[in-house]
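The values are calculated or read from the model by the stated rules, or taken from the named source; none is laboratory data. Remember, it's a predicted structure, so these values are computed and weren't measured experimentally. As a convention, Cβ positions derive from the backbone with ideal geometry for all residues, glycine included, and neighbour counts pool all protein chains shown. For accessibility, only protein heavy atoms count, side chains too; no ligands or nucleic acids. Shrake-Rupley method; radii C 1.70, N 1.55, O 1.52, S 1.80 Å.
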Amino acid sequence: MDGTSKVGLKTNEEIIEELTKDLESSCTRVNEDSVSNDNVKSNAEKNNPSNDTECKTQGAQNDKDIPKDFVDEELLKDREFDLSESEKETLKDKAEKLKNEGNKLFKNGEYTEAISIYTQGIQTCPLCYSKERSILYANRAAAKSKYLDKESAISDCTKAIELNPSYVKALVRRAQLYEETEKLDEALEDFKKVLTYDPSHTEANVALQRLPVLINKRNEKLKEDMLGKLKDLGNMVLKPFGLSTNNFELQKDPSSGSYSVKFNQKPS
């Protein structure tokens, strides 16, 4: 063929020109889309904080959630890694002074200030001095209990007991707090532990007579409440059949101790 066009037919040059034109148009659209996407991304970055900012914001929020009296023991471990024995002793003495200062504030009824000073003492006292740290935690628990922060006071007592398991004063204080927060079983267990270290402890001995009675009363009340709710549920299920839980009576077999259900068509 000579490349000339016949009627109604396109030459090779014309076909190539059209294909080339379509390719150029396609490339132009891709470039425009790319620019558009870059603009969208740029605007999104302006309107939204960067990942670093988000992390900082989240970190700040987490810092707000951390209690003021939080003690980071991992940080204390890092601090003490290179300390000499004399340096640790110096820090222990400083913590002792803070404890005494906190005690004065506590006696004056300045419980919030006492909590802050005891916290400084805990953060100052090296981890190797378990007994000294346990006293600081127990004293802070006492201040918190006066400040009506009983759950946090229980946590401090628990920490004091972990550091010194035979710390009777901390055990008694936690038992008292457990009872005040209606955790009677836990209170009883703590008073029992107290007697293992001090069999003549008056409050613990009295508690062992008093708490089981309170626990039984509480359990009976819980049982009554539960049976009442079950009865209400049973009546709701039986009502469409014209029945109620009064139509059923539990009878105990004296010999086996098992129960059987007796149906009464017309309960009294």
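The set of residues in the stretch 100-110 that are closer than 15 Å to Ala138 by Cβ and surrounded by fewer than 19 Cβ atoms within 10 Å (Cβ to Cβ) comprises Asn100, Asn103. Just one of the listed residues (Glu89, Glu113, Glu85, Glu74) is without any contact (Cβ under 8 Å) to a residue 24 or more places away in the chain and in contact with a helix residue (DSSP H, G or I) (Cβ under 7 Å, 6 or more places away or on another chain), namely Glu113. Does Lys144 fit the bill of being within 22 Å of the chain's Cα centre (by Cα), at pLDDT 95 or above, open to solvent by less than 90 Å² (accessible area, probe 1.4 Å) and within 30 Å of Leu195 (Cβ to Cβ)? Considered against the rule, which asks whether it is within 22 Å of the chain's Cα centre (by Cα), at pLDDT 95 or above, open to solvent by less than 90 Å² (accessible area, probe 1.4 Å) and within 30 Å of Leu195 (Cβ to Cβ), Lys144 comes out as yes.
I'm trying to understand the selection: among the residues of the stretch 75-93, which are of a type outside the set (D, E, K, R), open to solvent by less than 60 Å² (accessible area, probe 1.4 Å) and part of a helix (DSSP H, G or I)? Within the stretch 75-93, Leu76, Leu91 qualify. Selection over the stretch 188-213 of residues that are open to solvent by less than 80 Å² (accessible area, probe 1.4 Å) and closer than 14 Å to Lys169 by Cβ gives a count of 7.
Take the conditions under 14 Å from Leu188 (Cα atoms), assigned to a helix (DSSP H, G or I) and either in contact (Cβ under 8 Å) with a residue 60 or more places away in the chain or within 32 Å of the chain's Cα centre (by Cα) (or both) and apply them to Leu222. Does it pass? Criteria not met by Leu222.
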